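K.L.:
Shown below is the structure under consideration.
The values are calculated or read from the model by the stated rules, or taken from the named source; none is laboratory data. Because the structure is a prediction, the values reported are computed rather than measured. Counting neighbours? That spans all protein chains shown, and the Cβs are built from the backbone with ideal geometry, glycine included. Note: areas computed on protein heavy atoms with side chains; ligands, DNA, RNA excluded. Shrake-Rupley method; radii C 1.70, N 1.55, O 1.52, S 1.80 Å.
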Amino acid sequence: MTSHWPRARLHVVTGKGGTGKSTVAAALALALASHGKQVLLCEVEGRQGIARMFDVDPLPYAERRIATGLRDPQGAGSVHALSIDPEAALLEYLAMYYRLGRAGRALEKFGVVEFATTIAPGVRDVLLTGKVYEAVQRNSRNRGAVEYDAVVLDAPPTGRIAQFLGVSDEVAGLAKVGPVKKQADQMMSLFRSPRTAVHLVTVLEEMPVQETADGIAELRRHGMPVGGVVVNQVRPRDVSDDDLALALRGRLDKDALGRELELAGVKPTKVLLDGLASEARDHAERRALEDAQREVVGALDVPVAELGRLPGGVDLGALYELAADLRGQGFA
């Protein structure tokens, strides 16, 4: 299946805490790194989540190759990773655009970076997004750097995403003209274009789904391109719809259940059968709630992918499985 966003070079992944957005971002990077493509996976929250998922050393402020992408007939590409630090980003910006060099490092010793981000907190997000922009839009100032086919950003949670990407609003109070204002305008041109897709990760629960819907509405109000919704941690559908309906009404056939237990070599006592029927009712209620939230997600008018729950936790093998699922559903 071809990608829903063939023109996108920047994929921003956000979601409510606990939905697994970092896992989805990592899997998306692996999925995009097929057909021989080079992909950069960035994190901005300083938690070293990428290093843990890929079982590599903590990431410095430098692009490092960490994995091979999904294989296909055209060959696999590579995933590089970068943990973006606002102080290092500011020093790099000063060296690249103002040629400060040693003077920039001297500023770090005097605490200018901390001072700047304290008196104007929005500067921090501008620095972080500025580095992401530079990775997407490489220019002659960054000689010898890898040119990526796609950049995946493990972004802040949904409640902050529009503000995080709204660098022009942050810069408006700091610079009316000059190179800072010019770069901010260029960044917003990227963030509001088809070259960017903002994906939202949710689980089938009321609060995360509502936050996803609110996030989509806010992104659209700010003119930012909404990508798709990834429904994560989906439970397997091991019980038929007919049996779920019976369980929900408390009319599960306990005699038939007892016979199944006997075939499995288990003695069907009344306590056991009553307990299983109660658990089946709880499961049916949970599934009904999930199906209701799935309908809400389906009404958001964006592409949707579903990823199964990982009972064994997240490791590199599981990430490749999720990557294949994302690619198969048109997310890469």
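K.L.:
Only residues in segment 1-29 that are open to solvent by less than 40 Å² (accessible area, probe 1.4 Å) count as the first member; pair them with residues that are assigned to a loop (DSSP other than H, G, I, E, B) and β-branched (V, I, T), Cβ under 6 angstrom, at least 6 apart or cross-chain, and list the lot.
P.N.:
T19/V203; T23/V314
K.L.:
Looking at V239, is it surrounded by 12 or more Cβ atoms within 10 Å (Cβ to Cβ) and under 23 Å from the mean Cα position of the chain (by Cα)?
P.N.:
no
K.L.:
Just to be sure before I move on: is P311 in contact with a strand residue (DSSP E or B) (Cβ under 8 Å, 6 or more places away or on another chain), closer than 30 Å to G20 by Cα and of a type outside the set (A, V, I, L, M) in the structure I sent?
P.N.:
Considered against the rule, which asks whether it is in contact with a strand residue (DSSP E or B) (Cβ under 8 Å, 6 or more places away or on another chain), closer than 30 Å to G20 by Cα and of a type outside the set (A, V, I, L, M), P311 comes out as no.
K.L.:
Out of (1) open to solvent by 60 Å² or more (accessible area, probe 1.4 Å); (2) part of a helix (DSSP H, G or I); (3) farther than 30 Å from T129 by Cα; (4) at pLDDT 85 or above, the odd one out for K267 is which?
P.N.:
Among (1) open to solvent by 60 Å² or more (accessible area, probe 1.4 Å); (2) part of a helix (DSSP H, G or I); (3) farther than 30 Å from T129 by Cα; (4) at pLDDT 85 or above, the lone unmet condition for K267 is (2).
Residues are listed down the side, and each one gets a yes or a no for (1) hydrophobic (A, V, I, L, M, F, W, C); (2) within 16 Å of G17 (Cα to Cα); (3) in contact with a helix residue (DSSP H, G or I) (Cβ under 7 Å, 6 or more places away or on another chain):
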| position | (1), (2), (3) |
| --- | --- |
| E205 | no, yes, yes |
| E211 | no, yes, yes |
| Q233 | no, yes, no |
| D238 | no, no, no |
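K.L.:
Something else now. How many residues, within segment 322-332, are more than 15 Å from the chain's Cα centre (by Cα) and surrounded by 14 or more Cβ atoms within 10 Å (Cβ to Cβ)?
P.N.:
3
K.L.:
Mind listing whichever residues of segment 283-309 are open to solvent by less than 50 Å² (accessible area, probe 1.4 Å) and touching a residue at least 60 places away in the same chain (Cβ under 8 Å)?
P.N.:
E290, Q293, V297, L300, V302, P303, A305, L307, G308
K.L.:
Given the condition assigned to a helix (DSSP H, G or I) and polar (S, T, N, Q), answer yes or no: does some residue in segment 290-313 qualify?
P.N.:
For segment 290-313, residues assigned to a helix (DSSP H, G or I) and polar (S, T, N, Q): present.
K.L.:
Right, next: Is one or more of the residues making up segment 193-207 in a helix (DSSP H, G or I) and open to solvent by less than 60 Å² (accessible area, probe 1.4 Å)?
P.N.:
So far as segment 193-207 goes, no, none of its residues is in a helix (DSSP H, G or I) and open to solvent by less than 60 Å² (accessible area, probe 1.4 Å).
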